[in-house]
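Worksheet: one structure, shown below.
Throughout, read-outs are computed from the coordinates displayed, never taken from laboratory work. Since the structure is predicted, the reported quantities are computational estimates derived from the model, not experimental observations. Note: ideal-geometry Cβ built from the backbone for every residue, glycine included; neighbour counts use all protein chains shown.
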Amino acid sequence: MAQQKASYEAVAQAIEQIRAEGRSPTVAAILAITGGSNSTIIKHKARYDAERPQIQAAKSVQIDPALLDLLTVTIAKAADQAAAEASTRRAEIEADMNKVAEEAEQALATIEQLEKDLAEAQTALHTQAGQIDQLKADADAIKAEAAGQVAVAQEEMRRQTEAREQAQMQLAQAQLRLEALPKLEAELATLRAALDEQKNARQAAEQAQAVAMAKLEAADKAKADADKREAATAAKIDTQAKEQAAQHKALADQLAALNKALATAQAETAQLRGRLAELEKADKKTSK
């Protein structure tokens with residue numbers, strides 16, 4: 001029995017349904033939904049992928065224009081190269097796949113015709129068993145060849161998909177680096193501000209240290225001057241004390257001499273008073 005061919009719209013709808021479910025739209029997954037043949041699914045899937053470009057331009061980021069220009073040129077070159085390689089490879093694969101699909105469709109049509117002829121031959125000529133066996137063998141060989149061609153096409157499609165995903169990953173990484181630049185610039189500005197604050201604080205500390213050193217030197221000088229004045233005052237006081245001690249000794253000697261002279265005078269006075277008393281007594285006796 002001839003297989004029912006899947007339309008392009010059915011294949012596109014199946015791909016979107018599979019992606020919405022979070023699965024990869026492989027030929028087997030699409031075939032499970034739409035039915036049909038592998039070659040038809042491959043052809044419609046190639047057309048679907050070609051009509052929906054996968055690589056998107058990176059969003060612009062507000063950063064240093066010079067740096068942005070450099071990164072943009074680098075990323076653009078890498079993206080253009082990857083896109084060109086992927087596009088060239090896709091075109092080659094699509095051409096091969098279209099050829100394989102056409103050959104597979106022709107083979108399937110041949111198989112269908114052979115199966116139809118075989119059925120008619122079986123119905124009409126039961127005696128032609130050898131011819132029927134040969135037709136079956138030819139059909140199996142054609143099926144095997146078509147299946148091999150489809151497998152090769154699927155492998156090429158897988159490689160092309162991996163190349164496209166690699167290009168998308170590189171582009172996403174470049175976009176992440178672009179998006180991270182403003183944060184890095186902000187952190188650099190913060191570090192520079194902190195460095196300026198540390199520099200200002202160090203200058204203030206150095207100035208305060210210079211002022212403190214000047215005050216310390218002034219205090220040391222004042223202490224030295226005070227020590228000198230104290231030493232001079234102590235020497236002067238010592239000299240004055242020695243002079244006062246000498247004067248005190250001289251006065252003490254003078255006082256001792258005066259006391260001695262006073263005692264002598266008092267003794268002489270006592271003697272004179274005794275003699276005077278004797279004279280007065282004698283004078284009284286004479287008067288009588």
Karplus 3J(HN,Hα) series, Hz, for region 23-37 with 6.51 cos²θ - 1.76 cosθ + 1.60 (x for Gly, Pro): 10, 8, x, 6, 4, 5, 5, 5, 4, 5, 8, 8, x, x, 10
Lysines whose Cα lies under 22 Å from that of Lys136, excluding same-chain neighbours fewer than 8 positions away: Lys116
Under the Karplus curve 6.51 cos²θ - 1.76 cosθ + 1.60, θ = phi - 60°, whole-Hz ³J(HN,Hα) for region 195-206, x wherever Gly or Pro sits: 5, 4, 4, 5, 5, 5, 5, 5, 4, 5, 5, 5
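May I ask you to derive the FRET efficiency for Glu230 and Ala261 from their Cβ-Cβ distance with R0 = 35 Å, giving the value to the nearest 0.05?
About 0.15, to the nearest 0.05.
Go ahead and run the numbers for FRET between Arg159 and Gln81, Cβ-Cβ distance against an R0 of 22 Å, rounding to 0.05. Before the final figure, lay out the partial values.
Numbers: r = 17 Å, r/R0 = 0.79.
Efficiency for this residue pair is about 0.80.
Note the full-extension length gain between Gln113 and Lys5 as 0.36 nm times their separation in residues minus their Cα-Cα distance, in nm to one decimal.
Values: separation 108, 0.36 × 108 = 38.88 nm, distance 1.54 nm.
Value of the extension gain: 37.3 nm.
Ranked by Cβ crowding within 10 angstrom, fewest neighbours first, how are Tyr8, Tyr48 ordered?
Values: Tyr8 13, Tyr48 17.
Fewest-to-most ranking of Tyr8, Tyr48: Tyr8, Tyr48.
If r is the Cβ-Cβ distance from Glu217 to Thr239 and R0 is 35 Å, what FRET efficiency results, to the nearest 0.05? Display every interim value, and only then the final one.
Numbers: r = 33 Å, r/R0 = 0.95.
Efficiency for this residue pair is about 0.60.
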For a label point 7 Å along the Cα-to-beta-carbon line of Asp253, residues of region 206-247 with backbone N under 18 Å: 242-247
Under 16 Å from Lys228, Cα to Cα: lysines that are on another chain or at least 8 residues apart: Lys236
Label-point separation in nm, Ala204 to Ala151, each point 7 Å along Cα→Cβ: 7.9
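What is the fewest-to-most order of Asp138, Asp69 by other Cβ atoms lying within 10 Å of their Cβ? Write out the running numbers ahead of the final one.
Values: Asp138 14, Asp69 10.
Ascending Cβ contact count within 10 Å gives the list Asp69, Asp138.
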Virtual spin-label span in nm between Glu179 and Ala124, 7 Å along Cα→Cβ: 6.9
